[in-house]
Amino acid sequence: MAVAWLASLLDRVRAARVGRAMTQEQKLAGILHGRPGFGGEAGFLAALSQQIAAVQPIDARAVELVAAYLAGERGEELDRIGAHLGEHLAFWTDLADKSGSPLARACAADLLRRSGDPSGALAEFLDAVEGDPTLVHFRRELAELARERGGQVWLRYRLACLRAALFGFRPNDEDEAGDDDYVRELYCELIEENRADPDALARVRELGTFLDEAVERGELPRAIVRRAPRE
């Protein structure tokens, strides 16, 4: 998990704790901090799954809290899963299916990558970023898999990048957070690269309408619309 993205997640988790009565989160925290007392990783993950499912619909905050804890401050916990990788993958896959959470799906994607299933990882990751484009910089290794695969896979990822940019996010947010040219340049590149593919071009131009609307709202510089190719 990219350190910058994880740091942002941890900040949100910590900030939301202030001044709130969080029975669900307190119970989850009790399980998380009592990890050694569950007689093994399977029991620990089963307890987490049961507690998360106790509140319906499943709370997105609960998913964030668990993801932040299981990843660690800098993603180091993921490197310690070892022989329990399959159990963690089953946990996140089940949670993604039950909650529809893009974050849970992204976590499952990263574990699929670690387990040596790049095709499965890409499928889950693309579904995740299309459900929540802010996850485009969740894990750079997953973006690299999309780049290597190319074709429609790479197009889907880059379209998600463009949607994320409308909300101020970048694939390398720590480097490009203030670069409005990123939006214009990515849109122009997608137009140029897909001119020979009418279906792909239509998908790119559809996002162009959202860019126009963002410009009209004053959220993006007008130069994006003036300089983006239309034909």
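The values are calculated or read from the model by the stated rules, or taken from the named source; none is laboratory data. Not measured: the values here are computed from a predicted model. Methodologically, a virtual Cβ is constructed for each residue, glycine included, from the backbone with ideal geometry; neighbour enumeration extends over all protein chains shown.
Being under 28 Å from VAL153 (Cα atoms), part of a helix (DSSP H, G or I), in contact with a His (Cβ under 9 Å, 6 or more places away or on another chain) and among the hydrophobic types (A, V, I, L, M, F, W, C) narrows it down to one of LEU111, LEU122, so name that one.
Values: LEU122 fails: in contact with a His (Cβ under 9 Å, 6 or more places away or on another chain).
Result: LEU111 is the single residue among LEU111, LEU122 that is under 28 Å from VAL153 (Cα atoms), part of a helix (DSSP H, G or I), in contact with a His (Cβ under 9 Å, 6 or more places away or on another chain) and among the hydrophobic types (A, V, I, L, M, F, W, C).
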**Report entry** Enumeration of residues in the stretch 64-102 that are among the aromatic types (Phe, Trp, Tyr) and modelled with pLDDT of 95 or more
**Finding:** PHE91, TRP92
Query raised in the report: Of these, ARG170, ARG156, ARG149, which one is of a type outside the set (S, T, N, Q), modelled with pLDDT of 90 or more and touching an Asp or Glu at 6+ places or on another chain (Cβ under 8 Å)?
Result: ARG156
**Report entry** Of all residues making up the stretch 106-126, the number that are among the acidic types (Asp, Glu) and either at pLDDT 95 or above or over 14 Å from the mean Cα position of the chain (by Cα) (or both)
**Finding:** 2
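Does GLU141 count as without any contact (Cβ under 8 Å) to a residue 40 or more places away in the chain, of a type in the set (D, E, K, R), in a helix (DSSP H, G or I) and in contact with an Asp or Glu (Cβ under 9 Å, 6 or more places away or on another chain)?
Values: without any contact (Cβ under 8 Å) to a residue 40 or more places away in the chain: yes; of a type in the set (D, E, K, R): yes; in a helix (DSSP H, G or I): yes; in contact with an Asp or Glu (Cβ under 9 Å, 6 or more places away or on another chain): yes.
Yes, satisfied.
For ARG195, indicate whether it is over 22 Å from ALA143 (Cβ atoms), exposed (fewer than 14 other Cβ atoms within 10 Å of the Cβ), at pLDDT 85 or above and not hydrophobic (A, V, I, L, M, F, W, C). Spell out the reasoning first.
Numbers: over 22 Å from ALA143 (Cβ atoms): yes; exposed (fewer than 14 other Cβ atoms within 10 Å of the Cβ): yes; at pLDDT 85 or above: yes; not hydrophobic (A, V, I, L, M, F, W, C): yes.
The answer is yes for ARG195.
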Query raised in the report: Scanning for something farther than 27 Å from THR134 by Cα and either small (Gly, Ala, Ser) or out of contact with any Pro (no Cβ under 6 Å at 6 or more places or on another chain) (or both), does the stretch 61-82 turn up at least one residue?
Result: yes
Query raised in the report: Which members of the stretch 47-105 meet the condition of being surrounded by 15 or more Cβ atoms within 10 Å (Cβ to Cβ), within 16 Å of the chain's Cα centre (by Cα) and in a loop (DSSP other than H, G, I, E, B)?
Result: GLY75, SER101
